[in-house]
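Report on the following structure.
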Amino acid sequence: MKRPQADNSPDTGGQMDRRTFLQTSLLASGALLIGVGHADTASGAEQAGESWAPNLYLRIEADNRVTIVSKNPEAGQGVKTAFPMVVAECLDVDWQQVRVEQAPLDDRYGRQVVGGSRGTPDGWDDLRIAGTAARQLLIAAAAVRWGVQPAECSTANGSVNHAASGRTAAYAALRGTAATLPVPEVASLELKSRPEEFRLLGRFVPGVDNPKILTGQPLFGCDTRLDGMLYAVFEKCPTFGGKVRSANIEQIRALPGITHAFVVEGTDNLAGLMPGVAIVATSWWEANAARRQLKIDWATSHADSSEEYERQAAALKEQPGETLRADGDVEKALGAAVKIVEASYYYPFVSHANLEPQNCTALFHESGKLELWAPSQYPKGGRQLVAETLGIPEDRIHVNLVRIGGGFGRRLVNDFMVEAAWIAREVRRPVQLQWTREDDMRHDFYRPAAWHHFRAGIDADGRMSAFDHHFISFGRDGKPVSGAGLSPDHYPAGLVPNFRLRQSLIETHVPTGPWRSPGHSAYCWAYQSFFDEVALAAGRDQLDFRLDLLSRSFGEPPLDLARTSGTLRVAAEKAGWGRKLSANRGLGMAFHFDHGGFVSHVAEVVATGNAVHVEKVWSGIDIGPVINLSGARNQVEGCVVDALSTAQLEITFADGAAQQGNFDQYGLLRINQAPEVECHFIQSDNSPSGLGEPPFAPATPAIANAIFAATGTRIRELPFRRAGISV
Amino acid sequence: MAEISLKINGVSRSLDVPDDMPLLWALRDKLNLVGTKYGCGIGLCGSCTVLVNGSPVQACNIKAAALQDKEITTIEGLSPDGSHPVQRAWNDEDVPQCGYCQAGQVLAATALLARTPQPTDTDIDNAMAGILCRCGTYPRIRKAIKRAAGYMTSPGGES
Ligand code: FES
Ligand code: FES
């Protein structure tokens with residue numbers, strides 16, 4: 001079977017040379033539908049004909065409400081609120097008039113993914129086009145109706161007004177006329193793009209699902225309830241990839257509440273249907289209770305362990321590794337340096353630990369049709385995987401999108417979908433597969449560990465003249481595993497005249513995958529902590545050193561220097577960088593750029609011995625215009641908390657299996673440990689980018705650098721406790 | 001298996017449950033009250049928090065059969081229209097990200113405010129530290145509790 005790419009595969013459109021089309025129609029319900037669609041330029045003409053279906057819809061209903069279809073899954077990143085806000089802004093309707101409908105997986109919608117902070121940039125144009133075109137069409141309809149010029153009309157809160165005659169018409173009253181008019185040319189639309197033009201965007205708008213969340217209405221995948229539904233657990237081999245030799249199935253079948261128990265032979269695809277034993281019961285509790293009696297003889301084929309990884313990493317450090325990039329002459333520059341700084345950094349594997357453990361509900365109809373309710377960040381990939389594994393054509397599989405109890409990249413891999421689908425086809429009843437917390441933590445696609453060995457040369461001006469970096473991470477067949485790569489063009493490449501990056505890889509059998517801001521969320525800490533060491537050795541102020549580093553480039557700059565410096569200046573200024581602090585307090589800073597967003601943080605910590613409390617974090621953020629101020633701040637706050645949390649955690653392996661299973665061994669941050677976060681957005685008319693990831697990466701080093709300032713302890717290994725620091 | 005009777009959100013419900021079934025699964029799988037969430041199953045995350053006679057209890061950690069003479073409040077029963085001051089404050093501060101932990105957070109905060117109408121930061125830490133939020137909404141939970149305290153002291157308070 002083909003191994004689906006777990007990493008950046010959820011990717012379509014955007015780059016292609018596309019043409020955008022508009023379409024309107026009057027529905028049987030009386031609603032006016034306005035759709036935006038794309039076709040690549042070659043086939044655009046035909047696609048705009050009969051069969052063409054738009055990939056974004058809005059409907060003006062008879063009661064003057066506006067329904068906006070939200071096509072992407074919602075995992076807490078706020079897209080289900082932010083997208084409709086953009087349409088409402090351009091359409092000029094009151095937010096209270098807007099209703100949001102969750103779309104199922106449907107190819108007509110194009111990319112339906114939560115990942116890579118791509119939702120916002122991808123949707124920005126379509127959403128504005130839909131709203132702006134609809135508004136223009138309604139103005140045209142009013143002008144025809146009243147026999148006036150469109151230019152004499154204006155809109156407000158879902159009505160068209162003609163000031164000269166005092167006439168006004170609600171959008172709903174113009175549906176019929178609007179449907180008969182030609183749709184506006186996309187190219188002629190004037191799209192709002194500057195923050196000062198916005199009326200709704202940039203405001204603090206609570207999430208559209210809040211009423212359901214706060215009254216406990218069914219919303220999440222695990223809330224799905226179907227008539228006659230059964231509940232399943234699925235036991236897989238603790239050692240990744242292990243196969244079932246035999247199991248005491250008969251004994252399990254006899255236990256209370258159990259309706260089915262069977263071996264699933266599975267495949268070799270770590271990101272697909274792994275071998276295991278399914279137990280199905282009339283309640284989940286009974287299925288899981290029976291599982292405790294389960295005895296499986298497993299056939300395993302490796303015994304990966306963290307200790308062994310460490311031994312290999314130490315040996316590889318002495319090898320040259322593969323050179324991924326070499327600018328200038330690093331050795332010569334180091335030889336000429338006034339000072340050389342050398343340090344090694346290490347971070348461990350970590351788990352996603354979504355609070356909603358993986359689950360999926362499936363119903364196999366006698367007709368051969370399969371229906372799924374899947375909390376997936378990448379439902380299309382899941383449908384493909386199910387189709388391939390079960391041999392069901394994709395057009396016979398319907399995927400309903402449900403709210404996701406935390407994504408962070410874990411649910412870009414759809415193993416839980418194929419398991420549920422397989423079990424449902426076996427039992428021919430609706431089934432909900434619910435993983436335990438232990439299943440979730442022991443069968444994750446972990447963020448890989450890595451070792452970074454740095455050497456930097458400082459010249460007579462106190463600048464970094466050379467940067468030598470040996471990066472050791474994990475691979476398979478000579479290539480970094482999912483989530484482990486490091487781009488040769490990542491800064492400080494391009495910011496120092498002499499630069500070298502070498503890579504060595506350790507073979508692993510552990511499943512890995514994208515983890516919130518893949519790669520960046522880990523190595524930014526190593527870089528920005530090491531910069532602190534270099535600045536210190538050069539006798540320079542941290543802010544001054546970093547701004548200087550961002551003041552020049554050698555060849556193509558690896559990031560926008562002005563926007564990056566801008567965020568750093570804002571964070572430093574708001575934090576009062578340079579102010580006098582008592583001896584047990586410290587400030588630390590870091591900048592970063594990933595997934596289209598520029599973020600710098602300054603953290604303040606207070607220490608009592610080696611116990612530190614992160615009191616406050618000031619953030620400077622440039623992501624273009626802010627769409628929903630609430631959602632944007634929530635992501636920044638959440639990223640900072642997540643970064644501090646993750647810096648306390650590690651997953652280790654022994655005998656080919658993860659050693660942590662629940663929150664007693666993987667203790668997420670609690671409220672008493674969480675800092676206050678103050679956000680400062682630099683509003684610009686660059687196109688907006690997402691915020692689910694960019695604030696994470698620089699948070700860990702800003703905090704670690706502040707801990708150094710407060711305690712004198714430089715953290716070079718994560719989790720913090722390895723350096724004796726507790727938070 | 002035994003037939004038991006539970007008083008949930010003011011309504012008596014009889015149900016057949018295995019003797020050792022925790023309240024969490026009786027609610028979710030037997031009564032389809034799915035607002036109470038499973039996060040860890042062993043009392044570590046607080047996602048399953050409900051109120052028993054007004055005090056927060058982890059529903060994964062207590063047998064349904066042991067609660068027959070108690071008043072159980074789940075998120076569905078706090079106020080079905082979302083008008084309880086804690087629910088309003090939670091919406092006005094827009095606390096949820098993914099939202100999965102929030103039923104537990106809201107109920108724990110409700111119990112805190114019933115005991116301590118004007119909680120300090122330390123009171124909040126003590127009452128809320130048992131309830132994990134993977135998305136990191138802690139700064140907002142703190143603000144929302146203070147806002148709810150305000151709504152409760154000015155009846156019909158601003159929203
Ligand atoms: S599910 Fe009950 S405390 Fe976690
Ligand atoms: S909002 Fe996602 S776990 Fe709290």
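Here, each number is a calculation from the coordinates, and none is a lab measurement. This is a predicted model, so every value here is computed, not measured. Neighbour counts are summed over all protein chains in view; Cβ atoms, including those assigned to glycine, are modelled from backbone coordinates with ideal geometry.
Relative to the compact globular guide of 2.2 N^0.38 Å, what is the alpha carbon radius of gyration of segment B:10-71, as a ratio?
1.02
When the Cα centres of segment A:409-443 and segment A:256-302 are compared, how far apart do they sit, in Å?
11
With springs only between Cα atoms under 10 Å, which of B:Thr110, B:Thr137, B:Thr120 fluctuates most in a Gaussian network model of chain B?
B:Thr120
Mind listing P(r) for segment A:229-276? All alpha-carbon pairs, 10 Å bins, whole percents.
24, 48, 25, 2
Run lengths n ≥ 4 of DSSP H only: what is the helix-derived mean residue ellipticity at 222 nm for chain A, with -39500 (n - 2.57) per run over all residues, to the nearest 500?
After summing the helix terms and dividing by the residues of chain A, the value is -8000 deg cm²/dmol.
How big is the equivalent ellipsoid of segment B:27-159 along its three axes, where each semi-axis is √(5λ) from the Cα gyration tensor, reported in whole Å from largest to smallest?
23, 16, 14
In a shell of Cβ-Cβ distance under 14 Å around A:Arg292, excluding A:Arg292 itself, what net charge do Lys and Arg (+1) and Asp and Glu (-1) give?
-3
Over the Cα atoms of segment A:599-683, Rg to Rh with Kirkwood Rh, two decimal places?
Rg divided by Rh gives 1.08.
If you plug each phi of segment B:133-140 into the Karplus form 6.51 cos²θ - 1.76 cosθ + 1.60 with θ = phi - 60°, what whole-Hz ³J(HN,Hα) values come out, in order, with x for Gly and Pro?
Here the 3J(HN,Hα) series is 10, 5, 7, x, 8, 3, x, 6 Hz.
Can you list the GluC sites (Glu not before Pro) in segment A:245-306 that are in a DSSP coil and have 12 or fewer other beta carbons within 10 angstrom?
Sites meeting the loop and neighbour criteria: A:Glu265.
Within 10 Å of each residue's Cβ, count the other Cβ atoms and sort A:Arg203, B:Arg140, A:Arg292, A:Arg447 from fewest upward.
Lowest to highest Cβ neighbour count: A:Arg292, A:Arg203, B:Arg140, A:Arg447.
Assign unit charges at the C-beta atoms only (+1 for Lys and Arg, -1 for Asp and Glu), then state the dipole size of chain A relative to its Cα centre in Debye, rounded to the nearest 20.
Using only the charged Cβ atoms, the result is roughly 920 debye.
Which part of segment B:105-129 falls in the paramagnetic zone of B:Lys146, meaning amide N under 15 Å from the point 7 Å along Cα-to-beta-carbon?
Taking a point 7 Å out along Cα→Cβ of B:Lys146, the residues of segment B:105-129 whose backbone N falls under 15 Å are B:118-125.
Using the count of nearby Cβ atoms within 10 Å as a rough guide to exposure, how do A:Asp560, A:Asp125, A:Asp440 rank from fewest to most?
If I rank by nearby Cβ atoms, fewest first, I get A:Asp560, A:Asp125, A:Asp440.
Taking θ = phi - 60°, what integer Hz values does the Karplus form 6.51 cos²θ - 1.76 cosθ + 1.60 yield along segment A:155-162, in sequence order, with x for Gly and Pro?
Karplus values, whole Hz, x for Gly and Pro: 10, 7, 6, x, 9, 9, 10, 10.
Taking amide H positions as placed 1.01 Å from N in the peptide plane, with prolines and chain starts having none, which residues 5 or more places from A:Leu495, or on another chain, fall under 5 Å of its amide H?
Correct list: A:Phe554.
Kindly provide the Kirkwood hydrodynamic radius of segment B:85-153 in Å, to one decimal, from all pairs of distinct alpha carbon atoms.
Computed over segment B:85-153, the radius equals 11.6 Å.
State the percent of C-alpha pairs, over all pairs in segment A:375-421, separated by a distance greater than 14 angstrom.
The answer is 44 percent, as a whole percent.
Sorting A:Met274, B:Met152, B:Met1 on the 10 Å Cβ count, fewest up front, what's the list?
B:Met1, B:Met152, A:Met274
Would you kindly derive the ³J(HN,Hα) couplings of segment A:271-284 from the backbone phi angles with the Karplus curve 6.51 cos²θ - 1.76 cosθ + 1.60 (θ = phi - 60°), listing them in order in whole Hz, with x for Gly and Pro?
9, x, 8, 7, x, x, 10, 9, 10, 10, 8, 7, 9, 5
Counting pairs of alpha carbon atoms under 8 Å apart in space and at least six apart in sequence, what relative contact order in percent does segment B:2-78 give?
Answer for segment B:2-78 is 38 percent.
Compute the Rg to Rh ratio over the protein assembly as shown from the alpha carbon atoms, using the Kirkwood formula for Rh, and round to two decimal places.
0.97
Which links in A:Lys80/A:Lys574; A:Lys80/A:Lys479; A:Lys80/B:Lys143; A:Lys380/A:Lys616; A:Lys317/A:Lys479 stretch past 29 Å when you go from one Cα to the other?
Violating the 29 Å limit, Cα to Cα: A:Lys80/A:Lys574; A:Lys80/A:Lys479; A:Lys380/A:Lys616.
Let me make sure I get this right: for segment A:170-218, a, b and c are the square roots of the gyration tensor eigenvalues over alpha carbons, sorted descending. Under 1.5 in a/c it's rounded, otherwise prolate if a/b > b/c, else oblate. Which is it?
oblate
Can you list the GluC sites (Glu not before Pro) in segment A:501-577 that are in a DSSP coil and have 11 or fewer other beta carbons within 10 angstrom?
none
Taking the Cα centre of segment A:53-146 as the origin, how large is its charge dipole in debye, to the nearest 20, when only Lys and Arg (+1) and Asp and Glu (-1) carry charge on their Cβ atoms?
80
Sum -39500 (n - 2.57) across every DSSP H segment of at least 4 residues in chain B, then divide by the residue count to get the 222 nm mean residue ellipticity, nearest 500.
Counting only the DSSP helices, I get -9000 deg cm²/dmol.
Report the antiparallel proportion of the DSSP beta bridges in the protein assembly as shown as a percent, rounded to a multiple of 5.
Restricted to the protein assembly as shown, the bridges split so that about 75 percent are antiparallel.
Given Cα pairs under 8 Å that are at least 6 residues apart, what percent is the relative contact order of chain A?
That works out to 14 percent.
In segment A:249-373, how does Rg compare with the Kirkwood Rh, expressed as the Rg/Rh ratio over alpha carbon atoms?
1.22
Given the peptides A:452-460, A:297-305, A:677-685, arrange them by the average over their residues of other C-beta atoms within 10 Å, most packed first.
Ranking, from highest mean packing down: A:452-460, A:677-685, A:297-305.
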